[in-house]
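Some notes on the structure that comes next.
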Amino acid sequence: MDRKVHRPELHFAPEEGVVEAPAGVLLNDKVWHLWFQYRRSVDGPFRWGHNVSEDTPFDWLECDDALGPNEEEKTVRAGSVAAIDDSVCLYYTSVTADETRIELARYIDFNDACELSDDCTVLDQNVERVAVVADDSTAEGFHSFRSPCVVPDWAGEDRQEPHSGWLMLALTGDLDDPRPVVLKSEDGKDWSFVGPVTFDGDSGFAAHDGALPPVVSPRILRLRDEVDGKIYDVVLVTLEVDQQGEISGYVVGELEGSVFHVSQPFQRVDFGHDFTRPRNVNYTEGTIDKATRYDAALLFGLLNGHGRRDEPAAHPSLTAEGWANALSLPRRVSLQGGKLFQTPPNGLPDAVADSRYARMWTGLMDVPEGSKVTVELLNERGNPAAVIEHVGETLTLDRSMGVAFDARYANEPKAQAHLDEGDSDSLTIIVDGSTVEVFADSGQVAMASRVYFVGGCSGFRVTTEGDAEILREFERAGA
C-alpha cells in the first residue's frame, strides 16, 4: 500500500473532503465522540460528520454523518454538543434561503456504537431534529443566530454551588459585523434571550488590527486559577484579521448576565500559523470528578489559519490524497495567573511509538541570554522542511523552506512568540503527517503549523549555540 505522506495518524483528518471546523467533542467515560463540520467535496454543502475513538483520542473510527441539509436548507454549520439529562443534544446552525437560525437535534438512544453504512450520503437514523432554538423572532433587532456554544449554567452567584440549567453563547448579525449574545434555558430545549455580550473593561481585541475586527466562533469554559484559587470564565474567540487570516485567543473574567467583567484582556491561544476556531470538550454525567472538574479543560482546534480566505483546492493533501485540513491533538489547558498553559494529551508518547510514521522530540534545556537551541525538522532527503528556534525569551517556527501549500503564502513570516523569564526552558515537538505542534516552557506557549514534508519527516537535527545546553532529551518514532 502506498504511503500517504500528508495524512496524520494521530490527529483527526477526514477520510475524504474538507474539514471546516470541529463542531463538538464529548467524552463519554473512556470513549471520545467528535462531531465536525465538513464538505465531501470542495463545492458541496456542509454536513456534520461523527467519529469515535476508544480510550485515547488518537485512533478515530468513522461513523455515519449525524446531520446534513434537508430539502429547505442550503447547508448546516457547526455548533455545540452537550449531554443533557439522558440525551446527547446537537446544537447546530441551519441555513435556509430566508434565514440563519440555531436548531436542536438529539440522539434517540445514544450509546457508543458506531454505524457506518455502505452509502456515504446516509445519515444516522438515530438522530432526530427536535426544535428551533433561536431565529429572527427571538429578540427584536437581532437576526442570523448561529455558532452556538452550550455549557451548564450556575445555580447562583456563588461559583462553588451546583449547576442549574444551561447557558448558550452564540453569534448574531451580518458576517462582517457579528454580535455575540447570551441565551439561557432550564431544560436545554426552550431558550430565553438574555442580551448582547458587552465587556466591562478592555477586551484587548482591537490591539491586533487597530480597530475591532470581526469576532467569530465564541466558546466559553470555566477554570480555577492555580494562583488565586478562583473560578473564572474563559471566553475563546477567533478574530478575522484581514492581513493575517484568523487569530484565536481568549479573554479571562466573569460573565454576569450578558456582561463580561474582564480580568485579563485578549491573549493568543496559539502562536503558530494554523491553530484556529478552538472547541472545548464536554462530558457525560460521571465521566469526570465534580470536585476537580475546573482544574483543567481539553481543547481541540482546526489546523488552518486562513479562514474564509482559504482555498482547499490548493492544498497538496487534497490534490494528492483527497482530503484537506486536520484538527489539533486535544490539549490539556490550565489557568495560571490569568494565562492558559497547554500541554499534550496523556498517552501521546506511547501513541507515537505505536504509530508507523509519527515522531516526537522532547528536550529540557538551559538557554541563557544570547544563546540558542535550534531543532530542524527533516524531510526524507535529510533537508529541513521547518526550523524551530528557542532563543531564551523568544520561540520561532519557520516553515518557509518547505513545500508551500499555497503560493500566496510561500514567503510568509516566521511564527513567533515571547517566552516569560523564570520558566524552565523546554520543548516538545510532535510531527504527524503534515501537522506540527510545539509546546514550550512547561506549556506557556503553543504553536501549531502545517508543514508538507517531501517524502515525510525523517527525524530531528538539534544544535546549540553560545552557552545553551540540552540537559535531557528523548525521541520517539513510529515503527
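The numbers here are math on the coordinates, done by the rules we state, and not lab data. This structure is a prediction, so every number in the text was calculated from the model and none was measured. Don't worry about glycine lacking a Cβ; one is built from the backbone with ideal geometry, like all the others, and counts go over all protein chains shown.
Observations
- Candidates per trypsin sites (Lys or Arg not before Pro) in the stretch 1-76, loop by DSSP, up to 11 other Cβ within 10 Å: Arg3, Lys30
- Alpha carbon centroid spacing (whole Å) that separates the stretch 290-310 from the stretch 363-386: 27
- The count of lysine pairs in the chain whose Cα atoms are under 24 Å apart, excluding pairs fewer than 8 places apart on the same chain, comes to 9.
- Which of Gly44, Val375, Pro180, positive extreme of dipole for the chain (C-beta unit charges): Val375
- Using a Förster distance of 56 Å, the FRET efficiency for Arg308-Leu364 (Cβ separation, nearest 0.05): 0.85
- In percent, rounded to a whole number, the relative contact order of the chain is 14, using alpha-carbon pairs under 8 Å and six or more apart.
- Among the cysteines of the chain, Cys89, Cys120, Cys149, Cys457 have no other cysteine beta carbon within less than 4.7 Å of their own.
- Sparse-neighbourhood loop sites, trypsin sites (Lys or Arg not before Pro) in the stretch 76-164 - DSSP loop, at most 16 other Cβ within 10 angstrom: Arg159
- Model label zone, Asp86; criterion: amide N under 18 Å from point 7 Å along Cα-to-beta-carbon; scope the stretch 105-135: 106-113, 126-128
- Net charge of Cβ neighbours under 12 Å - reference Val235; Lys, Arg +1; Asp, Glu -1: 0
- Centre-to-centre, using Cα atoms only, the stretch 125-201 and the stretch 6-36 are separated by 25 Å.
- Scaled radius of gyration (Cα, divided by 2.2 N^0.38 Å) that the stretch 68-114 gives: 1.29
- Cα extents for the chain along the principal axes, largest to smallest and rounded to whole angstrom: 64, 53, 43.
- Kirkwood Rh in Å, taken over the stretch 278-348 so that all alpha-carbon pairs contribute: 14.8
- Stokes-Einstein D (µm²/s) once Rh is taken as the Kirkwood radius of the stretch 366-479 over alpha-carbon pairs, at 4 °C in 1.567 mPa s: 89
- Candidates per GluC sites (Glu not before Pro) in the stretch 53-108, loop by DSSP, up to 10 other Cβ within 10 Å: Glu71, Glu72
- For the stretch 257-300, backbone nitrogen atoms closer than 12 Å to the point 7 Å from Asn346 Cα along Cα-to-C-beta are found at 288-289.
- Net charge of Cβ neighbours under 11 Å - reference Ile470; Lys, Arg +1; Asp, Glu -1: -3
- Gyration tensor verdict on the stretch 18-108 (Cα atoms; rounded if a/c is under 1.5, prolate if a/b is larger than b/c, oblate otherwise): oblate
- With R₀ set to 51 Å, the beta-carbon distance separating Ala113 from Ala155 gives a calculated FRET efficiency near 0.90.
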